[in-house]
1. Scan around residue 178 for amide H atoms under 5 Å from its own, H built in the peptide plane at 1.01 Å from N, and keep only partners 5 or more places away or cross-chain.
2. Mind ranking 87-100, 107-120 by how tightly packed they are, going by the mean number of other C-beta atoms within 10 angstrom, highest first?
3. Suppose accessible area is computed on protein heavy atoms with a 1.4 Å probe; arrange 130, 160 from highest to lowest.
4. At 1.4 Å probe size, put 61, 172 in order of accessible surface, largest to smallest.
Amino acid sequence: MSTTRPYSPGDRGPEPSGASGASEGAASTVGAATGAAAPSGPPGPADGTPQTRGRQVRRLRLEGESGVVPLARDFTRQALYAWGWLPAATADQRAAAEDVLLVVSELVTNACLHAEGPDELLLTCDNKVIRLEVSDRGAGQPAPRTPHRAGRPGGHGMFIVQRLCLDWGVVRTPGTPGKTVWAELGAPA
């Protein structure tokens with residue numbers, strides 16, 4: 001687990017211009033969902049395995065929205081369908097998609113409870129790893145509660161993230177309030 005690394009291992013670098021799918025210079029609107037267009041081609045194979053594609057990005061503005069947890073889950077579920085993670089042909093593929101939805105819920109919920117609410121959800125998928133990023137204006141440092149007590153209510157969010165993810169961490173931009181909490185999960189086999 002890394003919680004203060006400025007970027008994840010194998011980070012793909014800064015977002016290319018227009019990665020949100022919006023045209024260069026276009027302003028994002030609050031609550032607007034944008035997504036990088038997937039390369040055109042036939043849908044994935046009939047056996048349910050994801051089609052091989054390049055890096056894909058989807059962005060959802062959450063600032064000022066209500067019901068952000070279900071909004072983020074629905075947005076993520078739509079991306080998983082578009083990227084071939086759903087519908088799942090096997091139990092392992094279904095479990096991988098459910099893990100992604102659970103981690104999104106936990107990250108967005110933490111931003112609601114411990115920051116001033118989430119500003120944005122960014123999803124990136126490259127067929128091997130899906131990266132989830134939730135940005136907020138909070139100053140706190142997320143960390144799994146230690147010791148973890150399974151029978152007590154609350155405090156399980158980052159423990160769940162730690163257990164389900166390949167890696168996770170926090171990125172802060174010097175001189176800018178807030179942070180981005182990121183998590184990476186492996187694609188279904």
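1. It is none; the list stays empty.
2. Output ranking for 87-100, 107-120: 107-120, 87-100.
3. If we order 130, 160 from most to least accessible, we get 160, 130.
4. The residues order as 172, 61, largest area first.
The values are calculated or read from the model by the stated rules, or taken from the named source; none is laboratory data. Predicted, not measured: the structure shown is a model, and the values here were computed from it. A quick note on method: Cβ atoms are made from the backbone with ideal geometry, for glycine too, and the neighbour counts reach across all protein chains shown. What goes into the accessible areas is simple: the full protein's heavy atoms, side chains included, and nothing from ligands, DNA or RNA. Shrake-Rupley method; radii C 1.70, N 1.55, O 1.52, S 1.80 Å.
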